[in-house]
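To start, the structure itself, in structure tokens.
The values are calculated or read from the model by the stated rules, or taken from the named source; none is laboratory data. Here the structure is a predicted model, which means the values were calculated and not measured. Cβ sites come from the backbone with ideal geometry, for glycine too, and all protein chains shown count toward neighbours.
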Amino acid sequence: MQINRVILPARFAYQEAGQRLREQTRISDVGEHIHRIELPEHQLHFYWHGTVDNNLYFLIEQEFQPKNPHCYTTPPIKLSPKSLVIDVGACEGLFGYRLLKEKHCQRVICFEPLRSMAALIQRGAEENGLDASMTVETLAVSDVSGPVKLVATDNPDACHIEPCNDGNQKADAQSIRLDEYIETNQLVLTERDLIKVDAEGTDLSVINGAAKTISKYHPQIAITTYHDDSHVQAISQRLRELNPNYHFRLKGFSHWTSKPRPVLLQASELKP
């Protein structure tokens, strides 16, 4: 899949994405730059706040096409109908919707610091009949708990956080360490549970803020590694320190960044 998209001119992949988007979705403008994206084949829909273009197809594809390097749940990840999934950087919520709809897990906790997107995730969960199994937290996740600055772009999937180091800097979101959240909410994880991370560059900080959880419970990890040159080595090394029994898999390469980087790192101690 990736080789064809790198070798062929980018316009071919973009045009193909547009055609598939038209074939596989029904898109409605519901006002205030919000669109309802229906996926009839999967009996799901989600809300998108921002520009709708052909690139939206790639976001959908990564959920339903295992060959996409951004698909989080391919081997070695193994979920069960009783799994708990923690979704850090939930964006539009489709990842959690899919897992619950297809009964790959029992519960999903979504973290999305952008308030408008968190509200749309909740709205979609209710309309898809999944809200009883989905918790939406309007929080960022990092290695510190406290106020943070949201840095947003025109596309909701590119929002990231920065710490408020200046006392005069206005905070517009709160960040929490996963260790603190899990302890406060008295959650117990197992090796069948999953922490999925797409934190737009603060991915390593998420792992550091979950160090106690990972060392104690050994949950599965699926984490993006293309936001920073150092992340694939730093994140894999940190996970090895926290759980030497992890099996690792690297997926894909980011042909859209300044230089190619692995797209995704998966870790699980379950036997292949």
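Some notes on this structure:
- The range 84-105: number of residues that are in contact (Cβ under 8 Å) with a residue 24 or more places away in the chain and outside any helix (DSSP H, G or I): 12
Conditions tested, residue by residue: (1) of a type outside the set (A, V, I, L, M, F, W, C); (2) within 17 Å of Leu178 (Cβ to Cβ).
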{"residue": "Lys101", "(1), (2)": "yes, no"}
{"residue": "Glu112", "(1), (2)": "yes, yes"}
{"residue": "Arg115", "(1), (2)": "yes, no"}
{"residue": "Leu120", "(1), (2)": "no, no"}
{"residue": "Ala125", "(1), (2)": "no, no"}
{"residue": "Asn128", "(1), (2)": "yes, no"}
{"residue": "Met134", "(1), (2)": "no, no"}
{"residue": "Val144", "(1), (2)": "no, yes"}
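- Conditions (1) part of a loop (DSSP other than H, G, I, E, B); (2) modelled with pLDDT of 95 or more; (3) closer than 16 Å to Asp198 by Cα; (4) not aromatic (Phe, Trp, Tyr): number failed by Asp229: (2)
- None of Pro81, Pro69, Pro76 is in contact with a Gly (Cβ under 7 Å, 6 or more places away or on another chain) and either within 30 Å of Thr213 (Cα to Cα) or outside any helix (DSSP H, G or I) (or both) except Pro69.
- Glu63 modelled with pLDDT of 95 or more and not in a strand (DSSP E or B): yes
- For the range 96-109, a tally of residues being out of contact with any His (no Cβ under 9 Å at 6 or more places or on another chain) and crowded, with 24+ Cβ neighbours inside 10 Å returns 3.
- When the criteria are applied in full, Ile207 fails the requirement of being modelled with pLDDT of 95 or more and in a strand (DSSP E or B).
- Applying the condition of being of a type in the set (Ser, Thr, Tyr) and within 20 Å of the chain's Cα centre (by Cα) to the range 9-52 and asking which residue is modelled with the lowest pLDDT yields Thr51.
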